[in-house]
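Below you will find the structure I want to go over with you.
Only the coordinates and a few stated rules stand behind these numbers; no lab work does. Note that the coordinates shown come from a computational prediction; the quantities given were computed from them, not determined experimentally. Here the Cβ is made from the backbone with ideal geometry for all residues, glycine too, and neighbour counts use every protein chain on show.
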Amino acid sequence: MFVDSHAHIDGPEFDNDRELVIQRARDAGVDAILNIGTGDPHSGALERAVELAESYPAVFAALGTHPHDARLFDQKAESRLTELVKKSRRVIAWGEIGLDFHYDHSPREDQRNAFRRQLQLARAAGLPVIIHTREAEDETIEILRTEWADASLPGVMHCFSGSARLAQQALDLGFSISFSGIVTFKKAEELRGIACEIPVDRLLIETDCPYLAPVPHRGKRNEPAFVVEVARCISEVRGLAIEDIAEVTTANFSRVFGANLDATGSSRETSR
Ligand SMILES: [Zn+2]
Ligand SMILES: [Zn+2]
C-alpha cells in the first residue's frame, strides 16, 4: 500500500478523467492521496479541494496559500482558510506554504508575511504544515525556527530537491522529508544520495502531479499512480524491497497527518 502525500488532482488537468485517475491509483496500490488545494484563495479553489476530499474516501485535503499566490493572501483569505479547515475533517494539513525565490511570482515581502502568518494559523488550528521552498533555504529555516520550532506539531518539506544541509536542518526541526519524481531523474545523483541518508521514519513519497512525472513517465502528465516509481527508485538506492518503502512511508504519513489508514486498503476518515 502506497500513499501519495502531495498531489494536485483538483485542477483542470484532470477535469476529463479525474475518476479514472483515482481508480488507476487504487489499482496501482495507492490507497491514499493528499490533494493540496492551492491557487487564488478568493477563487473557489480551496472549496474545490475540500469537495474532492469529501467525495472520495481515498482523497484527503491540505489547504493553504502557496508562495506563488502570497500577494493574494489577505484578511479575507485568512478567514476563509480558517473556516474551511475547521469545517471539514477531511482537511488534515495546512499547506503548501513557504518561500519560492526561484519564480518570485509574488513579492518576497508578501511571501514572508503569508508564510509567517500561516504558520501561526496552522499552530492555532493544530494542523501539521507542508512546506514548499525553492532557492530560499536559509530564510525558510530561519522562519521555521522562530514560528514553528516549539509548536510540537509535525511538518513536511515537500518535493525535496534542496541541499544535504537543508535536509539536516529540517530533520533537526522534526520535519519529515518528501521525495517526488525528481529523485528518479538521471542527473539527480546528489538527491538520491540524500534520499539514502534520511532516517527511514522521516521518509515520505509524493508525485506533486500533474508536474514532475517520474522516469519512465517523464514528460507526460503526472498522476498519483506513478508514486510507485518514486518508491521503486528509493527502494533501489537504499537496498530495500519496494514493499518496505511502501510500508514505512505509509506508516509515516499516518503518523504525521494523523490519518487513519487501515491495512485492508480503504482509507477512513481522519480522527483529528
Ligand atoms: Zn510545491
Ligand atoms: Zn504542490
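How high is the relative contact order of the chain, in percent, counting Cα pairs under 8 Å that sit 6 or more residues apart?
Working: 567 pairs, mean separation 57.2, N = 272.
After rounding, I find 21 percent.
Given only helices, namely DSSP H runs of n ≥ 4 each adding -39500 (n - 2.57), what is the per-residue ellipticity at 222 nm of the chain, to the nearest 500 deg cm²/dmol?
For the chain, the value works out to -12500 deg cm²/dmol.
Any idea what diffusion coefficient region 1-88 gets from Stokes-Einstein, in µm²/s, Kirkwood Rh on alpha carbon pairs, 37 °C, 0.692 mPa s?
Once the numbers are plugged in, D ends up at 243 µm²/s.
If you don't mind, there's one more thing I want to ask. Normalised by the number of residues in region 170-260, what is the relative contact order in percent for Cα pairs under 8 Å and 6+ residues apart?
RCO, region 170-260: 28 percent.
Once you sort the root eigenvalues of the Cα gyration tensor of the chain as a ≥ b ≥ c, which label holds: rounded (a/c under 1.5), prolate (a/b larger than b/c) or oblate (the other case)? Please report the intermediate quantities before stating the final value.
On the way: a/c = 1.43, a/b = 1.15, b/c = 1.24.
Note, shape of the chain comes out rounded.
Sticking with this one: For region 50-106, what's the relative contact order in percent, using C-alpha pairs closer than 8 Å and at least 6 residues apart?
Relative contact order comes out at 51 percent.
What whole-number distance in Å separates the alpha-carbon centres of region 64-99 and region 200-214?
21 Å
How large is the dipole of region 121-174 about the Cα centre if only Lys and Arg carry +1 and Asp and Glu carry -1, each at its Cβ, rounded to the nearest 20 debye?
Approximately 200 debye in magnitude.
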